Every structure is written in C-alpha cells, then in structure tokens.
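Presented below is the structure to which this report refers.
The values are calculated or read from the model by the stated rules, or taken from the named source; none is laboratory data. Worth saying up front: this structure is predicted, and the values here are computed from it rather than measured. Ideal geometry is used to build each Cβ from the backbone, glycine not excepted, and the neighbour counts take in all protein chains shown.
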Amino acid sequence: MPLTLTVDLNGDHAHALNASPVPFETDGSFDVEVVNHGAGSHVHVRTDDDLSRVATLVDGNYYVPPESRERIAVSIGDPGPRPVEGTLQITAGYGAERLDVPVRIVERETPNTVDVDESLGEVPTRDDDADGPGLRTFAPAAVAVVGLVCAVLAVLFVGELVGAVVAAFAVVCGALAWYALR
C-alpha cells in the first residue's frame with residue numbers, strides 16, 4: 001500500500017492543488033509530500049471528524065518554499081476498528097484553493113506481532129521411556145560388557161603379556177562406560 005500521498009502545488013495556476021493517488025488507502029501512518037511547482041505558498045492540512053479518530057498531524061500549517069518539497073507526517077494510531085474512512089482537507093493560499101482527498105485506513109494484512117505462549121520459557125525434557133531405550137542407553141552397556149569380557153580373559157591369561165593388555169583394555173572400557181553414563 002502506498003505510504004505517500006503526493007500533492008502538487010502551484011501546477012496549473014497559483015495555489016492550484018492536485019493529489020495522487022485519489023482515493024488514498026493505507027494500513028498505517030503515511031506522509032503527505034507537497035511538491036511546489038511555483039512560488040512559495042502556505043499550505044494547511046487537517047482531517048475531518050471521522051479521520052481524526054485515528055489520524056493525527058503534528059502541525060496543520062506549513063510553508064512550502066518555491067520549487068521545493070515538504071513532507072508532512074500523518075500518524076495513524078493502532079487501536080480501533082478498521083476500516084476508517086474520512087477526508088484529508090488541504091488548502092493553499094489562505095483558503096483560496098481547497099482539495100478534499102478521500103482517505104481509507106484499512107486493517108494490516110499481516111500483524112507486526114509474534115504470538116508467544118508460556119511454553120517458550122520452559123526447558124524441554126527428554127522422555128527416553130516414551131520411545132524405549134535409545135542409543136544413549138545401549139552404548140555404555142555394550143562398552144561395559146566388552147570391558148567385563150576383557151577382564152575375564154585377563155584373569156585366564158594371568159602372568160602373560162596378553163593378559164596385561166586385555167586388562168588395560170578392560171579398564172579403558174570401564175572408564176568409557178562411566179563417562180557415557182554420567
């Protein structure tokens with residue numbers, strides 16, 4: 001949706017006003033850009049009663065220097081039902097020329113918010129029992145069984161070099177099983 005309503009000033013004749021796009025539709029705050037094509041002029045901008053329920057202007061009176069542009073901010077408040085239809089009244093030359101621009105404020109197509117519920121702050125817990133024992137349970141058990149078998153073999157080969165190596169391997173397996181379970 002357009003965020004700028006362009007108003008041509010002093011186009012055809014002194015204080016002439018012409019706006020585009022007309023009618024103007026937006027879903028939020030917008031600017032009125034006054035493009036002066038001639039001598040410096042005073043411009044007055046106001047909203048009608050319907051539009052003033054949601055739209056506010058910082059100031060209503062503006063001076064636009066010769067051959068220049070002036071941006072006028074129109075703030076749209078968030079609360080309230082939509083659509084809101086009203087008129088933006090623009091006058092030049094102390095009321096000599098007047099332009100009424102129909103304005104329609106509609107609902108935003110996508111919200112600017114993110115819905116967050118209480119579960120976002122909760123720490124997720126693993127439920128190992130729901131799917132049965134996983135790899136985290138079987139791996140340490142398998143290492144412990146291998147270590148136990150190595151310990152039995154070490155006892156059988158007591159006094160030999162093979163027994164010492166198998167016993168060392170059993171100790172390593174036990175340490176790995178302990179590390180995996182903690």
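Summary table
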{"item": "Matching residues in region 68-111 - criterion: being of a type in the set (D, E) and in a loop (DSSP other than H, G, I, E, B)", "result": "D78, E107, E109"}
{"item": "Tally of residues being touching a Gly at 6+ places or on another chain (Cβ under 9 Å) and farther than 19 Å from E67 by Cβ across region 30-41", "result": "0"}
{"item": "Matching entry among V58, V84, V45, V64 (being at negative phi and in contact with a helix residue (DSSP H, G or I) (Cβ under 9 Å, 6 or more places away or on another chain))", "result": "V84"}
{"item": "Test set (1) in contact (Cβ under 8 Å) with a residue 40 or more places away in the chain; (2) within 22 Å of R108 (Cβ to Cβ); (3) of a type outside the set (K, R) - L9 fails condition number", "result": "(2)"}
{"item": "Identity of the residue in region 90-117, of a type in the set (D, E) and at pLDDT 85 or above, that ends up nearest to L57 (Cα to Cα)", "result": "D100"}
{"item": "All strands (runs of 3 or more DSSP E) inside region 1-51 with 1 or more residues being in contact with a Phe, Trp or Tyr (Cβ under 8 Å, 6 or more places away or on another chain) and of a type outside the set (A, V, I, L, M, F, W, C)", "result": "4-9, 41-47"}
{"item": "Region 49-87, residues that are acidic (D, E), farther than 30 Å from T113 by Cβ and surrounded by 14 or more Cβ atoms within 10 Å (Cβ to Cβ)", "result": "E70"}
